[in-house]
Every structure is written in structure tokens, then in C-alpha cells.
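The values are calculated or read from the model by the stated rules, or taken from the named source; none is laboratory data. Just so it is clear, the model here is predicted, and its values are computed rather than measured. Ideal geometry is used to build each Cβ from the backbone, glycine not excepted, and the neighbour counts take in all protein chains shown. Ligands, DNA and RNA are excluded from the accessible area calculation, which covers all protein heavy atoms including side chains. Shrake-Rupley method; radii C 1.70, N 1.55, O 1.52, S 1.80 Å.
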Amino acid sequence: MGQTIGVLATRQVAVGVVEDNALTGPIRVFPEGDDNPDALRTMTGEEIAELIGQQVLLAARERSIESVGVGFPGVIRNGVVEESPNLQQIKGFAFAASLAGVLGRGGLKAPVLVLNDADAIAAGVAATRGHLEKLIRIWYLGDGVGFGRYPRAEGAWEGGHMVVSLDAKENFCGCGGVGHVEGIVGHRSMRLRFLDMEPDEVFAAAREGDARCGAFVKLWHRALAAGSASSIHLDGPGKFFIMGPNSQYVDLGLIGRYIHEMVKMSPLQGSLFEIISSSQELAIVGAAVNARRACG
Ligand SMILES: [Zn+2]
């Protein structure tokens, strides 16, 4: 089995060489340090592709690289960024073709796969846990809510925007849609809902018996369970991994109880939820694994 390069491009660009579903060496991160945590936000698509391409070429050096996978936030289909919530300037950008051009000019002729970052993480979880033959779903709970699926399938798969409420006042989602998982569970949406309290304070007040916060914490878990239940009804039961900074708020007992209420058909029973810590490594390995599967 040859070597593949995996890339995670979110706030920074992180690059690693992957072989046998594992990193072969250290992860290269650019820009390093915390001086410019949002470096990509002010760049054009071509500039981002050039930056990633140069980092990939440095990582590749004399190796024989079979393919390159890049995990990137947003809706990406056929190598084109159809939507990227935090990088609006690159909507419509033909990312894979541009990056392949940069690599080709640098002497690296390898097929490029650009995929949603949460799908890359899901593949990384599958690869590092020996689940490459199984259906794996992940929830990434951060500013927004990422939903990833392995194996990758045709479609949009924007699970964080599944509708879980019919209340027209549930309009806090970053995409502007009403009633979405992210509009209840996402960090940004919680700050909009509780203008006077940080999410940490909301969950702490709920533990101390505050009625408004207690009701919200139940709604928060119901929303996550409802998104999962919708996925189970469409895609079948299986393993869900929950990660990201706000996975600290998850009560797995509560999720299990709500899933039990929401999913009743016997062939759809048996989903399991586990909280794990996220890492750049998972996304890099997963991007590479998906690139190898897509391009191999
Ligand atoms: Zn949304």
C-alpha cells in the first residue's frame, strides 16, 4: 500500500503523510502558533489552494504519493465548494482542480479529493478504530454542529441542519434556517439564545436547579437525539461518536433515553453513542483514507 497525504484545512492547514491508515510522522501545521488563528478567512480560493499545495509539496518531498485528501468545512461536491459558512468568499470555487494544478506545477501528479471535514473525521474514527467495514457517524459540537458519515455517500449530508423543531422562533442556526439541530445545539446559537449567559453558565445553572436553563438543557439533548433519530430512520442504526469542545455538556444517559422514545421500530434499535476527543490526526487520516478509496 502506498502513501497518501491527508490535509485538514479549517483555521490552520494541517498536513500529514498517511500509510496503512496511520500517520507516518509528525503533522505539519501552517501557520504555526496562535498568532493568526483565522488565517484562511481573508484569503481567496486560489490563495488557499496555493497555501495548501505548498504545504503538501513540502510534506511529499521525494515520496511517491498516490493521492491527496483535503478535509474542508462546507458542502463540497465533485471538488467544488458549493457552500462554506465561514469562508463565504470561496463559494463556487473549483478547489480540487485548483489544488491539483498547484501540485502539478510543483511536480506532484496525484489525484485530489476535497471532502467535508466532518466526513474526514468520521473516516478517521473508522480507520483508527478498525471500523472501516462499518457505518460510522460523528457529531462535532463546536461553534456550529458538524455531522460526518463514513463511508462517504452521494448527497449533501448536512446533518447539523436537520430540522428538529417546528417552532418558527427557533431561528438561531448559523445558516439562517429555522428549527435546525445547530440552532439549538451549536455554541453560537446558544449565545444568541441566552444573550446574558455563556453556555458554561447555562449548563451550570441547570445543574443548580434553574428552571429556564434546566428546560433548555433538556431541549438541547432532545435536539441532538432527534437529529440522530432522523439519521437512524433514514440510514439505519449504528455507532455515533460525539466530539468537539461542547461534547463536555453531553449526558449520554439522557441521549439514550430520548433515542429510546424516538426510535421504536425493532430493526432500527441498537444504536450506540460514545464521546471521544477530536484531533487533527483523525481528520488527516480520514481525509487520506477517503482519498485512497475515491482515487485508488
Ligand atoms: Zn442550519
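Counted residue by residue at 0.36 nm each, then reduced by the alpha carbon distance between them, the extension gain from S266 to E46 reaches 74.2 nm.
If the segment from F30 to K218 were pulled out straight at 0.36 nm per residue, it would be longer than the present Cα-Cα gap by 63.7 nm. Computed with a 1.4 Å probe over protein heavy atoms only, the accessible surface of the chain comes to 46 Å² per residue.
Mean residue ellipticity at 222 nm, helices only, the chain: -12000 deg cm²/dmol; runs of at least 4 DSSP H residues each add -39,500 (n - 2.57), and the sum is divided by the number of residues. Site pair E133 and R63 shows an inter-label distance of 2.8 nm when each label is modelled 7 Å from Cα along Cα→Cβ. At the residue level, D20 shows approximately 100 square angstrom of accessible surface with a 1.4 angstrom probe and all protein chains present. Any idea what angle helix 211-235 forms with the longest principal axis of the chain, computed on alpha-carbon atoms, 0 to 90 degrees, nearest 10? It is inclined by approximately 50 degrees. Of the trypsin sites (Lys or Arg not before Pro) in the stretch 87-192, the ones in a loop by DSSP (not H, G, I, E or B) with at most 12 other beta carbons within 10 Å are K109, K134, K169. The relative contact order of the chain comes to 22 percent, based on Cα pairs under 8 Å that sit 6 or more residues apart.
Cut-off 18 Å, label point 7 angstrom out along Cα-to-Cβ of E274: give me the residues of the stretch 281-296 whose amide nitrogen falls inside. Answer for the stretch 281-296: 281-283, 285-286. A 1.4 Å probe, protein heavy atoms only, puts the accessible area of M265 near 120 Å².
In whole percent, how big is the carbon plus sulfur part of the accessible area of the stretch 147-296, probe 1.4 Å, protein atoms only? Roughly 53 percent, rounded to a whole number. In straight-distance terms, cross-link reach from K239 covers every one of the lysines whose alpha-carbon lies under 29 Å from its own, apart from those fewer than eight places away in the same chain; here that gives K134, K218, K264. Residues F30, F241 ordered from highest to lowest accessible area at a 1.4 Å probe: F30, F241. Against the chain, whose longest principal axis is taken from its Cα atoms, helix 280-295 shows a tilt of about 60°. Looking only at G160, G106, G286, which one moves most when the chain is put into a Gaussian network model with springs between Cα atoms under 10 Å? With Cα springs under 10 Å in the chain, the top fluctuation among G160, G106, G286 is at G106.
Full extension of the segment from N171 to L192, taken as 0.36 nm per residue of separation minus the current Cα-Cα distance, would add 6.6 nm.
With both bridge residues required to lie in the stretch 1-84, what share of the DSSP beta bridges run antiparallel, to the nearest 5%?
70
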